[in-house]
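The values are calculated or read from the model by the stated rules, or taken from the named source; none is laboratory data. All values derive from a computational prediction rather than experimental measurement. Glycine also receives a Cβ, built like all others from the backbone with ideal geometry; neighbour counts cover every protein chain displayed.
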Amino acid sequence: MEIVLQNVAVLLLLLFIIITFLQSGIDKVVDWKGNLSWLKGHFSKSPFRNVVPLLLLVITFMELIAGFLCLIGFVQIIYSEDFFLAQIGAIIAGLSLLMLLLGQRIAKDYEGAKTIVIYFTPVIILLVLLQMN
């Protein structure tokens, strides 16, 4: 129990990433056609218009990997005080968000790009906390 109390901020931020990234990745898998259709429209006037299915596959993979690594890292922190997989998961989450940010900027969806910052900030805070361990 002491390890939980000593790392409560890290564990809560990991839960945030787990929920956010697994839900988003699973949604993309479950509603692939709906997501692909929306994204094709979203990027129809951008340089990405011809590679939307590939980009959707990449971001789906990245989100799922980030979520699962953070989940495994969460368990490892509690049971063995090992922070490595949590840190790798958080790094992949940050890279995923930067990819999404680039997409929003390229699509000239500046409001959507602003929203990415809301998710990016806790990831950076988590990475700083993990580097302290």
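Data table
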| quantity | calculated |
| --- | --- |
| So residue 114, is it outside any helix (DSSP H, G or I), out of contact with any Leu (no Cβ under 7 Å at 6 or more places or on another chain) and either under 17 Å from residue 21 (Cβ atoms) or of a type outside the set (Ser, Thr, Tyr) (or both) | no |
| Members of region 93-118 found to be touching a Phe, Trp or Tyr at 6+ places or on another chain (Cβ under 9 Å) and crowded, with 17+ Cβ neighbours inside 10 Å, listed by number | 93, 94, 96, 97, 100, 101, 103, 104, 107 |
| Residue in region 46-75 that is surrounded by the most Cβ atoms within 10 Å (Cβ to Cβ), counting only those that are within 24 Å of residue 111 (Cα to Cα) and in contact (Cβ under 8 Å) with a residue 40 or more places away in the chain | 63 |
| Tally, over region 105-127, of residues that are farther than 15 Å from residue 63 by Cβ and either without any contact (Cβ under 8 Å) to a residue 60 or more places away in the chain or among the charged types (D, E, K, R) (or both) | 14 |
| Residue match in region 24-42 (condition: within 16 Å of residue 8 (Cα to Cα), assigned to a helix (DSSP H, G or I) and more than 12 Å from the chain's Cα centre (by Cα)) | no |
| Residue that is closer than 14 Å to residue 130 by Cβ and out of contact with any strand residue (DSSP E or B) (no Cβ under 7 Å at 6 or more places or on another chain), where the choices are 5, 97, 11 | 11 |
| Residue 8 vs. criteria exposed (fewer than 14 other Cβ atoms within 10 Å of the Cβ) and β-branched (Val, Ile, Thr) | yes |
| Condition check for residue 87: within 14 Å of residue 133 (Cβ to Cβ) and out of contact with any Phe, Trp or Tyr (no Cβ under 7 Å at 6 or more places or on another chain) | yes |
| Residue check for residue 25: out of contact with any strand residue (DSSP E or B) (no Cβ under 9 Å at 6 or more places or on another chain), at pLDDT below 95 and over 24 Å from residue 129 (Cα atoms) | no |
| Tally of residues being touching a residue at least 12 places away in the same chain (Cβ under 8 Å), part of a helix (DSSP H, G or I) and surrounded by fewer than 19 Cβ atoms within 10 Å (Cβ to Cβ) across region 76-86 | 2 |
